[in-house]
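Asks: Take a look at the following structure, please.
The values are calculated or read from the model by the stated rules, or taken from the named source; none is laboratory data. Predicted, not measured: the structure shown is a model, and the values here were computed from it. FYI the Cβ positions are ideal-geometry reconstructions off the backbone, even for glycines, and counts take in every protein chain you see.
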């Protein structure tokens with residue numbers, strides 16, 4: 001791979017991004033009509049970076065993740081525009097065979113619910129072995145030993161016995177660790193984790209996140225973390241992209257976005273998050289409900305719920321722009337200047 | 001699992017007793033062993049009475065039944081009433097072997113074709129192939145076996161040879177050996193098996209392919225199939241090792257449970273093709289009033305069906321490690 005240093009790379013970034021999603025549009029057919037799950041979504045994921053995509057349930061973030069690897073539901077989902085550039089190669093145009101080579105080996109994925117995500121009738125060890133042998137010509141016994149090592153790596157006790165377990169014999173946290181072990185088996189450059197802790201108890205969530213963080217540190221890979229939980233983002237991600245109704249509304253370094261959200265939706269999400277140092281009492285919430293993605297509002301999609309919205313917001317979709325112009329955060333809001341003031 | 005099997009057996013035994021008594025009673029109603037003695041003017045009443053006492057026919061029904069059951073369970077099937085006092089067991093044994101061969105051929109062939117057809121239908125849902133196989137399946141389920149058998153006989157035994165202008169029929173339409181055949185001949189035996197197997201299989205293929213299609217459709221939308229694809233596995237492996245592996249669990253058990261329904265089709269098929277199996281033996285002994293053969297034929301069939309059902313239940317536990325058999329309950333799917 002030739003690193004395109006300095007040539008055409010955006011300001012503030014020395015190297016070309018590992019994964020670059022450009023104006024991606026993903027459509028899903030539902031019983032109520034065709035939903036645009038991702039509408040003009042663009043973001044970059046650089047090497048050694050954790051990028052979190054945050055948004056409410058149903059905002060399209062899982063479909064965005066599936067689009068990257070061409071894993072959209074076969075009969076109902078498709079990418080209708082845009083590019084998914086992985087090291088310069090457009091995965092949206094890649095052949096099925098090429099996608100197959102990349103899946104697992106270069107870009108691996110961890111799914112939300114390991115109970116349904118792991119094959120219920122096959123031993124977890126076999127499922128890891130299968131992953132290894134799909135991409136590398138290694139003897140079964142060797143792959144099995146690597147599976148044991150991987151289970152050990154993700155903190156599963158007695159891994160040499162656990163490789164023979166069926167998923168239903170493991171706890172939820174253990175199953176998710178198996179998922180992680182499987183995903184990192186081939187040292188992928190990008191790990192897409194779709195709500196990796198949502199199905200788990202809170203205490204187990206922390207352990208699994210810790211495991212994920214430790215392993216990503218070991219592996220030198222980048223992580224695209226899909227979550228609805230701003231709390232997870234804070235401790236884990238370098239940058240955050242906030243998604244609302246199929247569009248990214250704000251993107252930037254986590255600390256920056258936390259310190260001063262530029263988009264009213266981000267601001268709403270942050271104040272609706274419980275904090276340990278808050279006064280006890282009722283949590284703030286964002287009024288209204290997310291729009292129907294079959295026929296979204298014409299202007300800014302957040303306008304119907306936004307206290308700052310004016311006529312322009314209801315008519316013209318806002319473009320992504322840097323705000324403040326010399327900063328590192330981009331935002332798609334006509335009224336970004338007013339957010340957080342008064 | 002052994003405990004579960006024993007419990008199942010304990011439930012099955014009373015059912016078998018009821019079946020045996022019902023059959024015993026019904027057989028006694030439809031044919032009386034002493035009828036021919038009564039009609040024969042050359043037999044004296046004393047001789048007739050002696051014969052009735054010899055056979056135990058003067059005893060109450062439950063005593064007769066108990067005696068027969070005791071003999072049956074201990075493996076003594078007695079001698080035939082009609083076939084000049086020959087031993088019953090060799091008749092049943094030959095018929096059982098023939099029928100098992102026919103069933104094994106039909107079921108394995110049907111599973112092979114049915115599972116493949118169903119899988120392709122599910123993967124290419126909504127395609128020409130899918131609609132075509134749905135249509136053929138409904139035909140297969142709707143066509144009565146006796147009619148299908150007759151059509152197969154006409155087509156392969158008569159029309160096809162005529163059209164092609166070749167002399168003898170392409171396939172034999174009756175029996176298990178050509179006339180004059182001496183001893184075992186594999187080719188001849190298999191040729192005689194072809195048409196009955198086809199007649200018996202069409203319905204099974206139709207049913208199995210429907211089961212498999214439905215099961216595959218459900219499985220292929222599961223999360224773990226998406227996981228399998230995300231691992232970069234070849235699609236063939238995703239379909240076979242992940243999809244079919246799961247889809248087979250309900251299909252195999254359902255197929256094993258359905259074995260009981262095969263009996264009806266078997267009787268018709270064997271009659272149409274004069275195939276000397278349990279079905280034909282059942283009909284012949286029924287019509288000939290030979291309940292010494294009728295009873296073991298029915299009972300052995302019933303035992304076989306129950307055993308296969310039990311195997312199906314146990315198979316479920318083997319195929320799906322999540323199934324816990326026991327505590328007197330039906331298998332429960334966990335998770």
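Asks: What about residue A:286, is it surrounded by 14 or more Cβ atoms within 10 Å (Cβ to Cβ), modelled with pLDDT under 85 and farther than 19 Å from residue A:42 by Cα?
Replies: Values: surrounded by 14 or more Cβ atoms within 10 Å (Cβ to Cβ): yes; modelled with pLDDT under 85: yes; farther than 19 Å from residue A:42 by Cα: yes.
When the stated conditions are applied, residue A:286 passes them.
Asks: To continue, here is another question. Being in contact (Cβ under 8 Å) with a residue 24 or more places away in the chain, facing chain A (nearest Cβ under 8 Å), crowded, with 23+ Cβ neighbours inside 10 Å and in contact with a helix residue (DSSP H, G or I) (Cβ under 7 Å, 6 or more places away or on another chain), is that true of even one residue in the stretch B:226-246?
Replies: Just the residues of the stretch B:226-246 that are in contact (Cβ under 8 Å) with a residue 24 or more places away in the chain, to begin with: B:239, B:243-244, B:246.
Next, from what is left, pick out any that are facing chain A (nearest Cβ under 8 Å): B:246.
This time we only want the ones that are crowded, with 23+ Cβ neighbours inside 10 Å, so: B:246.
With the extra rule that they be in contact with a helix residue (DSSP H, G or I) (Cβ under 7 Å, 6 or more places away or on another chain), the set shrinks to B:246.
Yes, the conditions are met somewhere in the stretch B:226-246.
Asks: Name the helices (runs of 4 or more DSSP H) wholly within the stretch A:69-155 that hold at least 2 residues that are within 10 Å of another protein chain (Cβ to nearest Cβ), surrounded by 18 or more Cβ atoms within 10 Å (Cβ to Cβ) and more than 20 Å from the chain's Cα centre (by Cα)?
Replies: Working: elements: A:96-102, A:114-117, A:124-135, A:140-153.
Answer list for the stretch A:69-155: A:124-135.
Asks: Is it the case that residue B:333 is over 30 Å from residue B:88 (Cα atoms) and at pLDDT below 90? Talk me through it step by step, then tell me what you get.
Replies: Values: over 30 Å from residue B:88 (Cα atoms): yes; at pLDDT below 90: yes.
So residue B:333 fits the description; yes.
Asks: Regarding the stretch B:19-36, can at least one residue be identified that is assigned to a loop (DSSP other than H, G, I, E, B) and closer than 28 Å to residue B:307 by Cβ?
Replies: If we filter the stretch B:19-36 for residues that are assigned to a loop (DSSP other than H, G, I, E, B), which is where we start, we get B:31-34.
In the following step, the residues that additionally are closer than 28 Å to residue B:307 by Cβ were identified as none.
No, because not a single residue in the stretch B:19-36 is assigned to a loop (DSSP other than H, G, I, E, B) and closer than 28 Å to residue B:307 by Cβ.
Asks: Exactly one condition in (1) away from chain A (no Cβ under 11 Å); (2) closer than 30 Å to residue A:134 by Cα; (3) buried (at least 21 other Cβ atoms within 10 Å of the Cβ) is not met by residue B:218; state its number.
Replies: The failed condition is (3).
Asks: Looking only at the stretch A:226-242, which residues are without any contact (Cβ under 8 Å) to a residue 60 or more places away in the chain and crowded, with 24+ Cβ neighbours inside 10 Å?
Replies: The answer is none; no residue qualifies.
Asks: Within the bounds of the stretch A:158-170, is there any residue that is under 25 Å from the mean Cα position of the chain (by Cα) and either modelled with pLDDT under 95 or surrounded by fewer than 18 Cβ atoms within 10 Å (Cβ to Cβ) (or both)?
Replies: The first filter runs over the stretch A:158-170 and keeps only residues under 25 Å from the mean Cα position of the chain (by Cα), leaving A:167.
Pick out the ones that are also either modelled with pLDDT under 95 or surrounded by fewer than 18 Cβ atoms within 10 Å (Cβ to Cβ) (or both) and you get A:167.
Within the stretch A:158-170 (the criterion being under 25 Å from the mean Cα position of the chain (by Cα) and either modelled with pLDDT under 95 or surrounded by fewer than 18 Cβ atoms within 10 Å (Cβ to Cβ) (or both)), the answer is yes, since at least one residue qualifies.
Asks: Can residue A:179 be described as in contact (Cβ under 8 Å) with a residue 40 or more places away in the chain, part of a helix (DSSP H, G or I) and touching a strand residue (DSSP E or B) at 6+ places or on another chain (Cβ under 8 Å)?
Replies: On the way: in contact (Cβ under 8 Å) with a residue 40 or more places away in the chain: yes; part of a helix (DSSP H, G or I): yes; touching a strand residue (DSSP E or B) at 6+ places or on another chain (Cβ under 8 Å): yes.
Criteria met by residue A:179.
Asks: Confirm whether residue B:204 is buried (at least 19 other Cβ atoms within 10 Å of the Cβ), touching a helix residue (DSSP H, G or I) at 6+ places or on another chain (Cβ under 9 Å) and more than 14 Å from chain A (Cβ to nearest Cβ). Lay out the reasoning, then the answer.
Replies: Numbers: buried (at least 19 other Cβ atoms within 10 Å of the Cβ): yes; touching a helix residue (DSSP H, G or I) at 6+ places or on another chain (Cβ under 9 Å): yes; more than 14 Å from chain A (Cβ to nearest Cβ): yes.
It is true that residue B:204 is buried (at least 19 other Cβ atoms within 10 Å of the Cβ), touching a helix residue (DSSP H, G or I) at 6+ places or on another chain (Cβ under 9 Å) and more than 14 Å from chain A (Cβ to nearest Cβ).
Asks: Please name all residue pairs, on different chains or six or more residues apart, with Cβ atoms under 7 Å, provided the first residue is in the stretch B:102-126 and is farther than 18 Å from residue B:247 by Cβ and the second residue is not in a helix (DSSP H, G or I).
Replies: B:102/B:275; B:102/B:277
Asks: Could you tell me whether any residue of the stretch A:291-309 is buried (at least 17 other Cβ atoms within 10 Å of the Cβ), touching a residue at least 60 places away in the same chain (Cβ under 8 Å) and more than 21 Å from residue A:236 (Cβ to Cβ)?
Replies: Checked against the condition, which is being buried (at least 17 other Cβ atoms within 10 Å of the Cβ), touching a residue at least 60 places away in the same chain (Cβ under 8 Å) and more than 21 Å from residue A:236 (Cβ to Cβ), the stretch A:291-309 yields at least one hit.
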